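Have a look at the structure below before the remarks.
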Amino acid sequence: MPADPDQTLIERVFREAYGQAVATLVRVFGDITLAEDAVQDAFVVATERWAGDEIPRNPAGWIVTTARNRAIDTARREARGRELYEELVATTTPNTAPEEALEEETVNDDQLRLIFTCCHPALRTEHQVALTLRLLGGLGVDEIARSFLVSEAAMAKRLVRAKYKIKAAKIPYSVPADADLPERLRSVLSVVYLIYNTGADDPDRASLRADAIRLARALAGLMPDEPEAVGLLALMLLSESRAAARTVDGSPVLLADQDRSRWDVELIQEGHQLVRRCIRRGRPGPYQLQAAIQAVHGAADTFEDTDWDQIVTIYDQLSVFLPTAVVVLNRAIAIGEREGPRAALEALDEVATDLDTYHLLHAARGTMLRRLGRYDEAKAAFERANRLASTDIAQASISTQIDELIAFGAR
């Protein structure tokens, strides 16, 4: 480690260690705000000291110990803090060396407790997301605000309201009981996946994908025996493996037209290993099945080599867990590749009413109508999709297909 690390390295260590440190301090003090303040103070000290010295081998342990000691000093000075101070001294050693190693099992337990607190169903979804990114992801309030296109003041209020709700509702800082764990875990996984998808189609929020993958890695490491946690990580890695090929010079590229040499082979291999690891454990859940679909795409050397039979079969299994119109839509697109556009249009008709305001339905109809040579109908479908699309990337992709139709008609 260099003797004078630059600010980028310190920021990376901050982000990686922040969640561990806050989680541990919440257990010690029983208060999220107090824990955050203590960790922030410790990082101020770390920034000053590490800039002229080596970063400790265990930066999270350094931060936790420094934060704990400073918080104990604060508690000792406050009028109401004497009782807390005496309680803390009985259970901690204030002058422990900052380089002490944290017990890995304890840190894991602390982080699990904190993520289940952040994603408690009593909190609104936007509060769950903001707290998870702040407390587990180590993102600054300004970063989260930029990612979700709100003002920093609005995001700060959102975080304050969320922490107040935890305190007022006495939301427990604990891992749910076995009976409640499956349902609560679904909430946690959906929050992490929501974070990833929020950064999927918007260049200004692309960093959210990296943050979500980091959270998913941590969650899979904390709960290695939960196949759906591993499945979510696999799903995100396999999706991310195609990120570089999804655009060329800022313009979107459809899956069929992507340069597969730009796909990240290492992410694909890791994703495949994770899929095999979790699906072997019994009846796979929705994240595992979605990951399996992405794995089939990743295994094909060309679009024409894709095993559409297998993809349709997996969608049939997925529809048992997620009997949603979007799953029917995606299955219909796979049907179109396996059986042709006419069969796809029949499948799309099943959800035409439910998804009438969803731009991807009309884009899929446009694609199938174009393949049938019904160009006027295809153009009308793409134009409706363009009006409904909510992002510049989506609109650009659809506009390209409209331009191709117009050019083809002119020829």
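The values are calculated or read from the model by the stated rules, or taken from the named source; none is laboratory data. Since we're looking at a predicted model, the values are computed, not measured. Virtual Cβ from ideal backbone geometry, glycine too; neighbours counted across all protein chains shown.
Of everything in the range 352-362, what is in contact with a helix residue (DSSP H, G or I) (Cβ under 8 Å, 6 or more places away or on another chain) and surrounded by fewer than 19 Cβ atoms within 10 Å (Cβ to Cβ)? Give them in sequence order. Can you show your working first?
Within the range 352-362, the first condition is being in contact with a helix residue (DSSP H, G or I) (Cβ under 8 Å, 6 or more places away or on another chain), and the residues that meet it are 352, 354-355, 357-362.
Ala352, Asp354, Thr357, Tyr358, Leu360 - these are the residues of the range 352-362 that are in contact with a helix residue (DSSP H, G or I) (Cβ under 8 Å, 6 or more places away or on another chain) and surrounded by fewer than 19 Cβ atoms within 10 Å (Cβ to Cβ).
Can you spot a residue in the range 236-258 that is more than 30 Å from Arg184 (Cα to Cα), among the charged types (D, E, K, R) and modelled with pLDDT of 90 or more?
Within the range 236-258 (the criterion being more than 30 Å from Arg184 (Cα to Cα), among the charged types (D, E, K, R) and modelled with pLDDT of 90 or more), the answer is yes, since at least one residue qualifies.
Can you find, within the range 293-323, the residue that is surrounded by the most Cβ atoms within 10 Å (Cβ to Cβ) among those that are outside any helix (DSSP H, G or I) and in contact with an Asp or Glu (Cβ under 9 Å, 6 or more places away or on another chain)?
To start, the set of residues in the range 293-323 that are outside any helix (DSSP H, G or I) comprises 300-302, 306-307, 322-323.
Next cut, in contact with an Asp or Glu (Cβ under 9 Å, 6 or more places away or on another chain) only: 300, 306.
On the way: Ala300: 13, Thr306: 19.
Top of the filtered list is Thr306.
Just one of Gly52, Gly81, Gly61 is modelled with pLDDT under 75 and either in contact with an Asp or Glu (Cβ under 9 Å, 6 or more places away or on another chain) or not assigned by TED's automatic domain parsing to the domain that holds Tyr18 (or both); which is it? Quick ask: steps written out before the conclusion?
On the way: Gly81 fails: either in contact with an Asp or Glu (Cβ under 9 Å, 6 or more places away or on another chain) or not assigned by TED's automatic domain parsing to the domain that holds Tyr18 (or both); Gly61 fails: modelled with pLDDT under 75.
Answer to the selection: Gly52.
Residues in the range 147-163 that are farther than 14 Å from Cys118 by Cβ, outside any loop (DSSP other than H, G, I, E, B) and not β-branched (Val, Ile, Thr): how many? I'd like the intermediate steps shown before the answer.
To start, the set of residues in the range 147-163 that are farther than 14 Å from Cys118 by Cβ comprises 147-157, 160.
Keeping just the survivors that are outside any loop (DSSP other than H, G, I, E, B) gives 147, 152-157, 160.
Subset that is not β-branched (Val, Ile, Thr): 147, 152-157.
Count: 7.
Identify, please: which residue in the range 362-397 is in contact with a Pro (Cβ under 9 Å, 6 or more places away or on another chain) and modelled with pLDDT of 90 or more and is, among those, nearest to Val253 (Cα to Cα)?
Thr367
Would you call Ala122 more than 25 Å from Gln40 (Cβ to Cβ), at pLDDT 90 or above, surrounded by fewer than 18 Cβ atoms within 10 Å (Cβ to Cβ) and not assigned by TED's automatic domain parsing to the domain that holds Thr391? Explain how you work it out, then say what you get.
Working: more than 25 Å from Gln40 (Cβ to Cβ): yes; at pLDDT 90 or above: yes; surrounded by fewer than 18 Cβ atoms within 10 Å (Cβ to Cβ): yes; not assigned by TED's automatic domain parsing to the domain that holds Thr391: yes.
So Ala122 passes the test.
Please indicate, with yes or no, whether at least one residue in the range 170-184 is at pLDDT 90 or above, of a type outside the set (Lys, Arg) and part of a helix (DSSP H, G or I).
No, there is no match, as no residue in the range 170-184 is at pLDDT 90 or above, of a type outside the set (Lys, Arg) and part of a helix (DSSP H, G or I).
Taking the range 233-263 as the search range and keeping residues that are part of a helix (DSSP H, G or I) and of a type in the set (S, T, N, Q), which one is farthest from Ala218 (Cα to Cα)?
Quick first cut of the range 233-263, residues part of a helix (DSSP H, G or I) only: 233-240, 243-245, 255-257, 260-262.
Now narrow it down to the ones that are of a type in the set (S, T, N, Q): 239, 261.
Numbers: Ser239: 18, Ser261: 29 Å.
Among them, the one singled out is Ser261.
If I filter the range 186-205 for residues that are more than 26 Å from Gly140 (Cβ to Cβ) and touching an Asp or Glu at 6+ places or on another chain (Cβ under 9 Å), do I get at least one hit? Outline the logic, then answer.
Of the residues in the range 186-205, the ones more than 26 Å from Gly140 (Cβ to Cβ) are 186.
Next, only the ones that are touching an Asp or Glu at 6+ places or on another chain (Cβ under 9 Å) stay: 186.
Checked against the condition, which is being more than 26 Å from Gly140 (Cβ to Cβ) and touching an Asp or Glu at 6+ places or on another chain (Cβ under 9 Å), the range 186-205 yields at least one hit.
On the basis of being outside any helix (DSSP H, G or I), modelled with pLDDT under 90 and out of contact with any Pro (no Cβ under 6 Å at 6 or more places or on another chain), does Ala90 make the cut?
Details: outside any helix (DSSP H, G or I): no; modelled with pLDDT under 90: yes; out of contact with any Pro (no Cβ under 6 Å at 6 or more places or on another chain): yes.
No: the conditions fail for Ala90.
For the range 377-397, name all the residues that are surrounded by fewer than 17 Cβ atoms within 10 Å (Cβ to Cβ) and in contact with a Leu (Cβ under 8 Å, 6 or more places away or on another chain).
Glu377
Give the range 207-236 a look and list any residue that's without any contact (Cβ under 8 Å) to a residue 40 or more places away in the chain and farther than 21 Å from Leu139 by Cα, or say none.
Across the range 207-236, the qualifying residues are Pro224, Asp225.
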